[in-house]
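Note sheet for the following structure.
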Amino acid sequence: MIERLRQPGGRLGTLSLASAITLAVIGILGMLAMLVALPSESDFWSDQDSDKVAALVLFAITAAGAAGFVLEDRWPWLGAALSVLGGLALALVLAWTLVAVVVGLGAAVVAVLRARALHGGQSHVARPMT
C-alpha cells in the first residue's frame, strides 16, 4: 500500500504518503477520542453531545480522506474528491489550530495534483527528482 501511495514518485509521491498518514492518524485518534467522550459524558471537547457527534463525523470524514489517497491510483478523481473532503473536514474540525488548517488544505491540494498527474496530466511537482 505504501508503494501505491508513493505514485507517481518524486516530491508528489512523498507528499501523498505524508498526507495520507496524517489524515489517517488524526482521523482515527479523533474518532476514538469522541467515542470515549460521548458515553463517559466527558467535557474535554464540548459540554454538548451534539458537538461531539459533529466532531465524530468530521473526524470520520478525515480518516476517509486517507482512504481516498489509496484509491487515487485506480480512480484518480474519485479518490481525489474523497481526499479533498478529508482535508477540508480536518481544517474545519480543528479550525482554531493554524497547523490543522494548513495541513488540511495542503492535503486537498496534494490530492488534486496527484489525481492530475495520475490521470495523465503533468504537474511540475509530479516529476521525479533527478
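Laid out as a table, the results:
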| item | result |
| --- | --- |
| Selection from region 44-85 of residues that are exposed (fewer than 15 other Cβ atoms within 10 Å of the Cβ), out of contact with any helix residue (DSSP H, G or I) (no Cβ under 8 Å at 6 or more places or on another chain) and either in contact (Cβ under 8 Å) with a residue 60 or more places away in the chain or not aliphatic (A, V, I, L, M) (or both) | 47, 48, 50, 51, 74 |
| Test: residue 43 is out of contact with any His (no Cβ under 8 Å at 6 or more places or on another chain), under 17 Å from residue 12 (Cβ atoms) and in a loop (DSSP other than H, G, I, E, B) | no |
| Qualifying residues in region 76-99 (those that are among the β-branched types (Val, Ile, Thr) and over 13 Å from the mean Cα position of the chain (by Cα)) - the one farthest from residue 6 (Cα to Cα) | 97 |
| Matching residues in region 27-47 - criterion: being of a type outside the set (A, V, I, L, M, F, W, C), more than 15 Å from residue 100 (Cβ to Cβ) and at pLDDT 90 or above | 39, 40 |
| Number of the exception - residue 11 against (1) without any contact (Cβ under 8 Å) to a residue 24 or more places away in the chain; (2) surrounded by fewer than 18 Cβ atoms within 10 Å (Cβ to Cβ) | (1) |
| Filtered residues of region 46-75 (kept if under 29 Å from residue 3 (Cα atoms) and part of a loop (DSSP other than H, G, I, E, B)) | 72, 73, 74, 75 |
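The values are calculated or read from the model by the stated rules, or taken from the named source; none is laboratory data. Note that the coordinates shown come from a computational prediction; the quantities given were computed from them, not determined experimentally. Every residue, glycine as well, gets a Cβ built from its backbone with ideal geometry; the counts of neighbours run over all protein chains shown.
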